[in-house]
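For reference, the structure is listed below as structure tokens.
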Amino acid sequence: MTAFFKKGVIPLIILALGVAGAGWLNASRATPPKGKPHERVANVRVMALQAGSYPVVIDATGVVEAARTAVIAPELAGVISQLSDQLRPGGLIKRGELLLALDAAEQRITLQQKLAALQEAEYNLAIEAGKQERAERDWNLVKSRKADKKAAELARRVPNLGIAKQQVKSAQAAVDLARLNLKRMRLTAPFDALVLESDVALGQRLGAGSQAAKLMQANQVRVRIAAPLTQLRWLQIPPPDADSPHGSAVTVTVGDIQAEGWLEGIDGALNAASQQAELLAIIPQSETPRRLPLGAVVSVRLHGLTQNGVIAIPRAALHEGNRVWLVDADNKLDYRDVTPLWGDAKTLYVREGLASGAQVVVSPLAAPLRGVKARVQGDEAAPSAPEQQRHKRAGDAA
């Protein structure tokens, strides 16, 4: 009997007591006050948009190249007798300054010979002119109406005078050529130049047409700029036949060197690698304290035409690509997908999709949803119903 009581009755008593205790605890639990569900609120910072007039600014990259180059080579062979100290890589030479001179002794002798031949031809012309004058008088005395024109010209020595005149012209041409050859023995700079290449020395013999130096224009360089085709409409690009090819202003920067210039045109072919247009800009070097090195990759800022009715949006306002979140008149989140006209590192510019005065969100948003209530930072909102009840219970307990 005792064993049966321990194995059968006692467990039932314990189970009954447990059920009764659980029921008592459940009945004695305080029922929480019922209230409205917690409303989601997004804390945001906003900026009021304003339409205005903005000059287009396009950032790009470019490569510095020579605006103009020239290969210096003698037209005649000769030995170098004079050489400029600046005829070396990096040397600066003004337009018209002597680069080098070849020994011109032979050319001077030839010129003297041609001058003597010219003097002789002029003397012969004077003699023949006198003979022709006498022949003309004699012909007037004995001329016959039956004589043909050719016979008359021979009698009057007209052909002889013509030959003498042609001999003078030929001798004069020989003198001009001798003077030209003498001048060709001196090579001068065709423009203000920076020497790119030169490896010649005094006493060195140069053949006709052999390169003595390579020069580039010193007072300006060209920058070849890769720009998207869609951005060209904002720029002033001079046509190829423009009298003064000065287009949109250009600012180039490399390291701590900055220089200003202008667009001079556009290359006729697209860049094969990037499929972008290649703009050509001229950068005067006389306006910079230091020169832009050839081949340098430079940052370029193109200053385009001013556009009216444009809204500037900070890039911090962009979410999910080109989506902009706004706070509407009901203080709720809404969004617009915009298409920028152009932009820079900090700002995008749009003309459609946004209105002046719109409140654009410029603070980060975590999983934003359209229609969620927005609380603009700085505005204080009244506590919600659950918050009021918690504050009341805390006061009663105190």
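The values are calculated or read from the model by the stated rules, or taken from the named source; none is laboratory data. Keep in mind that what you see is a predicted model, and the values were worked out from it rather than measured. Don't worry about glycine lacking a Cβ; one is built from the backbone with ideal geometry, like all the others, and counts go over all protein chains shown.
Side notes on the structure shown:
- Checked against the criterion of being closer than 30 Å to Lys214 by Cβ and modelled with pLDDT of 80 or more, the candidates Gly162, Gly96 yield just one match: Gly96.
- Asp344 under 24 Å from Gly371 (Cβ atoms), of a type in the set (Asp, Glu) and in contact with a strand residue (DSSP E or B) (Cβ under 8 Å, 6 or more places away or on another chain): no
- Pair list, Cβ under 9 Å, 6 or more apart: segment 119-136 residue without any contact (Cβ under 8 Å) to a residue 24 or more places away in the chain and in the same structural domain as Leu154 (by TED's automatic domain parsing), other residue part of a helix (DSSP H, G or I) and not hydrophobic (A, V, I, L, M, F, W, C): Ala135/Asn160
- Residue in segment 305-319 that is closer than 30 Å to Glu65 by Cβ, among the hydrophobic types (A, V, I, L, M, F, W, C) and modelled with pLDDT of 90 or more present: yes
- Complete set of residues in segment 46-85 that are within 15 Å of Gln217 (Cβ to Cβ) and not in a strand (DSSP E or B): Ala67, Arg68
- Test result for Leu111, in a helix (DSSP H, G or I), modelled with pLDDT of 90 or more and within 53 Å of the chain's Cα centre (by Cα): yes
- Matching residues, segment 259-286, being in contact (Cβ under 8 Å) with a residue 24 or more places away in the chain, closer than 26 Å to Ala193 by Cβ and crowded, with 16+ Cβ neighbours inside 10 Å: Ala259, Gly261, Leu263, Glu264, Gly265, Glu278, Leu279, Leu280, Ala281, Ile282, Ile283, Gln285
- Filter pass, Ala226 being among the small types (Gly, Ala, Ser), surrounded by 13 or more Cβ atoms within 10 Å (Cβ to Cβ) and at pLDDT 95 or above: no
- Filtered residues of segment 83-111 (kept if loosely packed, with under 15 Cβ neighbours inside 10 Å and without any contact (Cβ under 8 Å) to a residue 60 or more places away in the chain): Asp85, Ala105, Glu106, Ile109
- Met216 vs. criteria in contact with a helix residue (DSSP H, G or I) (Cβ under 8 Å, 6 or more places away or on another chain), crowded, with 16+ Cβ neighbours inside 10 Å and under 30 Å from Lys94 (Cα atoms): no
- Count of residues meeting criterion [buried (at least 19 other Cβ atoms within 10 Å of the Cβ) and closer than 30 Å to Gly247 by Cβ] in segment 193-213: 2
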